[in-house]
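In what follows, a structure is listed as structure tokens, so that the remarks can point back to it.
The values are calculated or read from the model by the stated rules, or taken from the named source; none is laboratory data. The model shown is predicted, which means the values in this text are computed figures rather than measured ones. No Cβ is skipped: glycine too gets one built from the backbone with ideal geometry, and neighbour counts run over all protein chains shown. Just so you know, the surface numbers come from the protein's heavy atoms only, side chains and all, with ligands and any DNA or RNA stripped out. Shrake-Rupley method; radii C 1.70, N 1.55, O 1.52, S 1.80 Å.
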Amino acid sequence: MCGLSVCFHLRRPDQGKKNGQHEEQQSRLAAQLHSSVESMRHRGPDAKGVWISPDNGIGIAHVRLATRDLSSNGNQPLHSAMGDDIHVVVNGELYYDPSLPEELAKDYNFQSTSDSEMAIALYRKYGVGFVKHLRGEFALVLYDGKAQRIVAARDRFGVKPLHYGVFDGRLLIATQAKGVAELLDQRQPLRWDPICLAQGGGHYGNRTFFEGIRKFPPGHVLVVHRGQTEPLKFEPYFQHKFAANEGGRDDRPAEQLIEQLRAHLLESIRIRLDSTDVPVGILLSGGVDSSAVAGMVAAYTRERAEASGKEQKELPICFTIGFPGDDELDESFIAQRTAEHLGLPIERVVVSEEILANDFDEACWKGETLMWDLQHIAKKALSRHINGRRFKVVLNGDGSDELFAGYPFFVSARLEDDDKVRAPELSSASTEVRKELKERYAKNLQWFGVEDAPQHDNNPAARALGLPPAFCNLGIPRYDVWLKDEVMNMSDPFQAILELFSKTEVEEMATYHPLHRALLAWSRTVLPNMVIAAISDGAEMAHSVESRPPFLDHIVSEFASSLPVDVLVHLKGEDAPIEKWIFREAVKPYVTEEVYARRKHAFRAPFRWKKDGPLYRKLTSLISREHIDQLGFVDWKKCHDIVDRSFEGDQLLFRQAIWLAQLISIGLQFGVQPWKPETEAVEQTVKATLVKGQVGENWEDEKENRNDVDSGKMFRVDSTEFTNWRIQ
């Protein structure tokens, strides 16, 4: 995992050779590229490289975390050795059959054994369509000098971040938003994007906090030619597809599906263990997801040692988080019992209140993402320990809840309708039993302090997408009740979700089971923008640790998408629904009985703390009248006493307070100028139609216009300000 930066002139650049400005332009671009990747050096401490084309038309830069081909041959940017002017920067890991490099070597001369160089070889063979042949977690930008074009792509689930913006005729791309900001020419302050704030702070769409900087959509490719005048067009190369909820023809036996899923999971773990030249650790909690990873890793590691005839000298180390004095949320003791059962060593990192407070600002700076809990800071502390143990790669259990329906609002969505795809004789429950379970299950639904109350039932965008009620009310929470009314009324999270889907996709969604609609919406939004961005990539790469999610493999995903909802959430007679049923059955041989039988418990950090403690003092120092005025979009009357009230044991209030504190910290560290209503008049007008509920035939055209990045004034933040830890 690494950091990359790209500056591409959309128009043919003025080379400045006649008046001697060429060298000056090149020097300025080189300085911008160096500054950009240096701001992300925590993502790539092992090497740095910069390349600029002879005409100054493009510059690319990279900071490397070396995990495969540890020699300097693997340093990036990588350049084709075939004299065809092809260059690439890659963040992430590509997986492939060992025979593929030998096959591609017939027409390409590899200069390294780095997986990233496969991007050049595959591009030469398949052209722009090469992205469909990539397997893994990646974000990349390739430049073809002869064709005068760049090809940018992001992996199917958005495991690796990528941001972009268009300013004064230049397309700027970087792993993080701070990297884009450092590529800008003029040192003007960043500006808040009020639509992003109104839409839930970036969790549900491709906007970022900063005006003009957007997130590259997962599963898409962007091809840009020099001289093109058309707006940027992102083309999907991967889309989740589900069968229409009808037919009753799926008669595959459950045992067969379980065996097939188990094989896919084992294969996904195998390739992630084999595709590295450094030791691999395991992130382990008390849940079935990470426990399954640990169990499969242990089994495969021993099988590999036996097959080679060599004695297994070292087993992979598990790393787990403990919270002192909170037996309800501390899962480390379950993790320790799992590790002991598997015969794996485990290290427990205790995350205290002091750590959560002291790491608060650094987590905001390095992660650039809001989180409704402090678990991402706990994960960051764990990553610091892992880095100190000289591990660069770990496997995690991300994605199984999203693919196999683990969250309570997914269970509720399953109960909204019968599984009409499954053959009737294989159905686990009748319509009557399902309806009875639905009524009983709805009485106790809660998610991170939010209860299942009808908050969004009348939202036009939610209705257009056909999203089930519990998903709307629990899966899309609002912790920003302190926003000024004029900002809150600009948009909402469901508008952001709707903008991610084409009109054809919305029409297809109408035929899906409600559970599949919820899974699809979550995978496009909260999964990449919060689960991965804050808790995984953002927390782990804060200390140069690459986290690989075997369950978010697209081969596994495609199989999961083919499964009937009855095996995802199993209705066993009148008993409580069993979430992730088929996943539990597939991994049962690799986990303890305790973990197999344990119901879903979302990993959370404690939220009950004493007043006058480190967290209380931290939040009090951030949520002040002065800082609220600096934001400009928060109503002080709504939050003047939020810290005191949030430390009285109210979970929802505590999450509202830390959400606000994170925005303040980001605003201070990124030097964002206060928001002023009069400067946002155009944006407010653009949103007027959908806020009023006019979701009609033209909504897709409006979506395209809203997603265009306006060419505007450039702005920049000085990365040497605020605190010392930003200077590495």
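So the values come out like this:
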item	result
D327-R599 FRET efficiency (beta carbon distance; Förster radius 22 Å; 0.05 resolution)	0.80
For F391, distant residues with modelled amide H under 5 Å away	none
Flagged links, alpha-carbon separation over 21 Å, of K392/K618; K160/K392; K484/K611; K160/K380; K379/K618; K178/K215	K392/K618; K484/K611
Long-range amide H partners of D277 with built H, under 5 Å	R68, D69
Interchain or long-range residues, amide H under 5 Å from I346's placed H	C318
Vicinal HN-Hα couplings computed from phi for the range 132-149 (Karplus, 6.51 cos²θ - 1.76 cosθ + 1.60; Hz; Gly/Pro x)	5, 9, 8, 10, x, 10, 7, 9, 8, 9, 10, 10, 10, x, 5, 7, 6, 8
Using a Förster distance of 45 Å, the FRET efficiency for K125-E436 (Cβ separation, nearest 0.05)	0.20
Principal axis dimensions, largest first and in whole angstrom, of the range 3-236 by Cα	50, 50, 36
Spin-label model distance (nm) - E24 vs D97, 7 Å beyond Cα toward Cβ	5.6
Ordering of 247-253, 652-658 by packing [mean C-beta count within 10 Å, highest first]	652-658, 247-253
Residue-level accessible surface for T67, protein heavy atoms, 1.4 Å, Å²	10
Where H225, H516, H601 fall by accessible area, highest first, once all protein chains stay in place (1.4 Å)	H601, H225, H516
Gain in span if fully extended, D274 to T620, counting 0.36 nm per residue against the direct Cα distance	119.8 nm
Using θ = phi - 60° and Karplus 6.51 cos²θ - 1.76 cosθ + 1.60, couplings along the range 237-242 (whole Hz; Gly, Pro as x)	10, 8, 9, 5, 10, 10
For the range 1-141: span of alpha carbons on each principal axis (Å, largest first)	52, 32, 24
Integer Hz, Karplus 6.51/-1.76/1.60 couplings in order for the range 636-650, x for Gly and Pro	4, 5, 7, 9, 4, 10, 5, 5, 4, 5, 6, 9, 9, x, 7
Average projection area in nm² (convex hull over Cα atoms of the range 614-670, one quarter of hull surface)	3.7
Ordering of 628-638, 199-209 by burial proxy (mean other Cβ atoms within 10 Å per residue, highest first)	199-209, 628-638
Inter-probe distance in nm under a simple model that places probes 7 Å from Cα toward Cβ, at D635 and H133	5.7
Theoretical gain in end-to-end length, A147 to R337 [0.36 nm per residue, Cα-Cα removed]	62.7 nm
Rounded FRET efficiency, nearest 0.05, which uses the C-beta distance separating S352 from N73 and R0 of 41 Å	0.45
Compactness of the range 139-249 as Cα Rg over 2.2 N^0.38 Å, two decimals	1.26
Packing rank of 378-385, 553-560, 506-513, 475-482, where each peptide gets the mean count of other beta carbons within 10 Å, highest leading	378-385, 475-482, 553-560, 506-513
For the range 183-270: relative contact order, % (alpha-carbon pairs under 8 angstrom, 6 or more apart)	15
Solvent-accessible surface ranking, highest first, for W51, W372 at 1.4 angstrom	W51, W372
Overall form of the range 183-248 per C-alpha gyration tensor (a/c, 1.5; a/b vs b/c)	oblate
Estimated distance in nm for a label pair at R389 and R608, the labels positioned 7 Å out from Cα along Cα-to-Cβ	3.1
Diffusion coefficient, µm² s⁻¹, Stokes-Einstein with Kirkwood Rh over alpha-carbon pairs of the chain at 37 °C and 0.692 mPa s	125
Cα gyration tensor category, rounded, prolate or oblate, for the range 28-89 with a/c compared to 1.5	oblate
